[in-house]
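Everything below concerns the one structure shown next.
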Amino acid sequence: MKSYFLFGLMIVTAAGMAQDVTVEIPAPEIQLKTALLAAPADQRSEAMVYAYNSKGELQVLQEGTNNLVCIADDPNREGISVSCYNKKLEPFMARGRELTAEGKSEMEKREIRKQEVESGILQLTDTPSMLYILSGTTENYDKTTGALIDGKFRYVIYMPYATTESTGLPSKPEVPGMPWLMDPGTHRAHIMITPENK
């Protein structure tokens, strides 16, 4: 009986400690610098940037004047990951963020957005549109400067409903770094390019 009591006490204590853990959110200028690392250098100063406020909510940190939207690293996730994408993807991406905030799973998000696209509620890009993703480890990230060492790029070109037949691309990469078409024939169809890490 005593062992059960101690075990229960340990669980309650651990749960209480977990609730007290607060996530450190980098200063706005650091979030801005890191988010823009994903963008081409000549497009950084004019890109729109979303970053996290003290409540952990995304808000516009920099109003943009070009065609890029950048998202700062989510402090609640392991590692570092920032991205920038063409503004034509914003309705699709913004809807994904809304569904995430509602607690929807990845599969639920996929199905809901599919239904909304097919019903005309959600607008997709009408031209191939670029997404840049830069990721790395927490150990290689400097929170005081916003610098990331040995970050890895991944490139995605959204082409809704593109197929292997219409593009000539394979549905899987046959060699490292080879472009390939993911989710062909669907609203999520996109070209994946993951440069080989040297």
Inset, instruction - Please identify the pairs in which a residue from region 85-111 that is in contact (Cβ under 8 Å) with a residue 24 or more places away in the chain and in a helix (DSSP H, G or I) has its Cβ atom under 7 Å from the Cβ atom of a residue that is hydroxyl-bearing (Ser, Thr, Tyr) and loosely packed, with under 13 Cβ neighbours inside 10 Å, counting only partners at least 6 apart or on another chain. - result: 88/127
Inset, instruction - Any residue in region 26-44 that's more than 18 Å from residue 66 (Cα to Cα): show its pairings with residues that are assigned to a loop (DSSP other than H, G, I, E, B) at Cβ separation under 7 Å, as long as the two are six or more apart or on different chains. - result: 26/143; 30/143; 30/146; 31/72; 34/72; 34/73; 34/146
Inset, instruction - Could you check, for region 34-44, whether at least one of its residues is at pLDDT 95 or above, touching a helix residue (DSSP H, G or I) at 6+ places or on another chain (Cβ under 8 Å) and in a loop (DSSP other than H, G, I, E, B)? - result: yes
Legend entry - Residue check for residue 49: surrounded by fewer than 16 Cβ atoms within 10 Å (Cβ to Cβ), within 22 Å of residue 101 (Cβ to Cβ), at pLDDT 95 or above and not acidic (Asp, Glu): no
Inset, instruction - Give the residue that is modelled with the lowest pLDDT, with candidates limited to residues of region 126-150 that are of a type in the set (Gly, Ala, Ser) and either closer than 27 Å to residue 179 by Cβ or part of a strand (DSSP E or B) (or both). - result: 147
Inset, instruction - Select, from 120, 103, the only residue that is more than 21 Å from residue 50 (Cα to Cα) and out of contact with any strand residue (DSSP E or B) (no Cβ under 9 Å at 6 or more places or on another chain). - result: 120
Inset, instruction - Specify which of the listed residues (171, 129) is of a type in the set (Ser, Thr, Tyr) and surrounded by 15 or more Cβ atoms within 10 Å (Cβ to Cβ). - result: 129
Inset, instruction - Go through (1) crowded, with 18+ Cβ neighbours inside 10 Å; (2) of a type outside the set (A, V, I, L, M, F, W, C); (3) farther than 15 Å from residue 187 by Cβ one by one and return the number of the condition residue 75 breaks. - result: (1)
Inset, instruction - Would you mind stating whether residue 123 is touching a residue at least 12 places away in the same chain (Cβ under 8 Å), surrounded by fewer than 18 Cβ atoms within 10 Å (Cβ to Cβ) and farther than 30 Å from residue 197 by Cα? - result: yes
Inset, instruction - Scan region 79-89 and give yes if some residue there is farther than 21 Å from residue 51 by Cβ and under 20 Å from the mean Cα position of the chain (by Cα), otherwise no. - result: yes
Inset, instruction - State which residue pairs qualify: first residue touching a residue at least 12 places away in the same chain (Cβ under 8 Å) and part of a loop (DSSP other than H, G, I, E, B) and inside region 55-68, second residue surrounded by 15 or more Cβ atoms within 10 Å (Cβ to Cβ) and acidic (Asp, Glu) in any location, beta carbons under 9 Å apart, and separation of 6 or more residues or different chains. - result: 56/74
Legend entry - Those residues of region 174-185 which are exposed (fewer than 14 other Cβ atoms within 10 Å of the Cβ) and among the hydrophobic types (A, V, I, L, M, F, W, C), in sequence order: 175
Inset, instruction - Give 115, 123 a once-over and let me know the one that is under 20 Å from residue 183 (Cα atoms) and either of a type in the set (Gly, Ala, Ser) or not in a helix (DSSP H, G or I) (or both). - result: 123
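The values are calculated or read from the model by the stated rules, or taken from the named source; none is laboratory data. Here the structure is a predicted model, which means the values were calculated and not measured. Neighbour counts run over all protein chains shown; Cβ positions are idealised from the backbone, glycine included.
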